[in-house]
1. Taking the chain as the reference, fit the longest principal axis to its C-alpha atoms, fit the long axis of helix 55-73 to the helix C-alpha atoms, and give the angle between the two in degrees, 0 to 90, nearest 10.
2. Compute the acute angle (0 to 90°) between the alpha-carbon long axis of helix 39-48 and the principal axis of greatest extent of the alpha-carbon atoms of the chain; round to the nearest 10°.
3. How are the alpha carbon pair distances in the chain distributed across 10 Å bins from zero to the largest one, expressed in percent?
4. Compute the length gained on full extension between residue 23 and residue 37: take 0.36 nm times their separation in residues and subtract their Cα-Cα distance, giving the result in nm to one decimal.
5. Where does the chain land at 222 nm, in deg cm²/dmol rounded to the nearest 500, when only DSSP H runs of n ≥ 4 count, each adding -39500 (n - 2.57), divided by all residues?
């Protein structure tokens, strides 16, 4: 009986640890692929600041944000 309890406790601990690291990796990948700010949001912010948002400027800003997110993740 004691052996079954020990196996259950070890299995539960491994499941919790594996689930934590799996969820952590999933969220890192999700945030890298889908940054929390979109091009439409950036366009709106630039218009509110009085700048005319060109596609080139938006693409540069999105690229730099993604590069910065990759650096922060490593």
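1. 30 degrees
2. Roughly 50 degrees between the two axes.
3. Reading upward from the zero bin: 16, 29, 20, 14, 11, 7, 4, 0.
4. Net length gain for the segment: 2.9 nm.
5. Result for the chain, helices only: -28500 deg cm²/dmol.
Each value in this text was obtained by applying a stated rule to the coordinates, not by laboratory testing. None of the values given here were measured: they were computed from a predicted structure.
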